[in-house]
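S.K.: Here it is: the structure, laid out below.
The values are calculated or read from the model by the stated rules, or taken from the named source; none is laboratory data. Please read these numbers as outputs of a predicted model, since none were measured by experiment. Quick reminder, even Gly has a Cβ in these numbers, built from the backbone with ideal geometry, and neighbours come from all protein chains shown.
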Amino acid sequence: LSHKIGDGSSAYFFLRDWAALTRSSNTTPSPYFVEDSIVPSPIGPLVSPVIGSDMDKCVQKRFIFSSTKLSALKSSIGVQDVTSNEAVNAPLYKCAASSSIIVNSGSFKQSQLVQSSDLRGIMSPPLPPNPIGNLVSIL
């Protein structure tokens, strides 16, 4: 499924409704199509090419923070209304950029932090439980 049409959850809702229709002709699909006015369609590639596009040097990591550690991290920042995303990614990117300077003999080498986010849970006003569309954003 192309992200210009929808995302993984959209595919799930489509397949769920399709399966329900094949089981019972009395079922009516109930998709809620999210329009460009709510979440604009991406222009160009969804993920920009990695700088230098040397995929062998790309690193992918998963970090899991407990709610108590996340709360402590957010309170240590000293800024009002810090999101969990900001609290975690700012120090990670800062450390990655600092180590890049050390490795590259004091010169800063261009880098990117690419993160995907599901926007369903943070939309205002809230969306119905079955939205169809591209509700994933690359930050």
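S.K.: Pull out all pairs, ordered by first then second residue, where Cβ-Cβ is under 7 Å, the residues are six or more apart or on different chains, the first lies in the stretch 56-79 and is under 21 Å from residue 100 (Cβ atoms), and the second is outside any helix (DSSP H, G or I).
M.R.: 58/50
S.K.: Which condition number in (1) at pLDDT 70 or above; (2) under 26 Å from residue 9 (Cα atoms) is the one that residue 70 fails?
M.R.: Condition not satisfied by residue 70: (2).
S.K.: Also, quick follow-up: Among the residues of the stretch 74-95, write down those that are of a type in the set (A, V, I, L, M) and over 21 Å from the mean Cα position of the chain (by Cα). Show your work before the answer.
M.R.: Initial filter on the stretch 74-95 (of a type in the set (A, V, I, L, M)): 77, 79, 82, 87-88, 90, 92.
Within the stretch 74-95, 77, 79 qualify.
S.K.: Among (1) surrounded by 12 or more Cβ atoms within 10 Å (Cβ to Cβ); (2) within 27 Å of residue 7 (Cβ to Cβ); (3) at pLDDT below 75, there is one condition residue 52 misses while meeting the rest; what is its number?
M.R.: Just one mismatch for residue 52, condition (2).
S.K.: In this structure, does residue 106 turn out to be at pLDDT below 75 and at positive phi? Step through it out loud before you land on a result.
M.R.: Values: at pLDDT below 75: yes; at positive phi: yes.
In short, yes.
So that you can scan it fast, the table gives a plain yes or no per residue for (1) part of a loop (DSSP other than H, G, I, E, B); (2) surrounded by 11 or more Cβ atoms within 10 Å (Cβ to Cβ); (3) small (Gly, Ala, Ser); (4) at pLDDT below 85:
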site: 17; (1), (2), (3), (4): no, yes, no, no
site: 22; (1), (2), (3), (4): no, no, no, no
site: 56; (1), (2), (3), (4): no, no, no, yes
site: 82; (1), (2), (3), (4): yes, yes, no, no
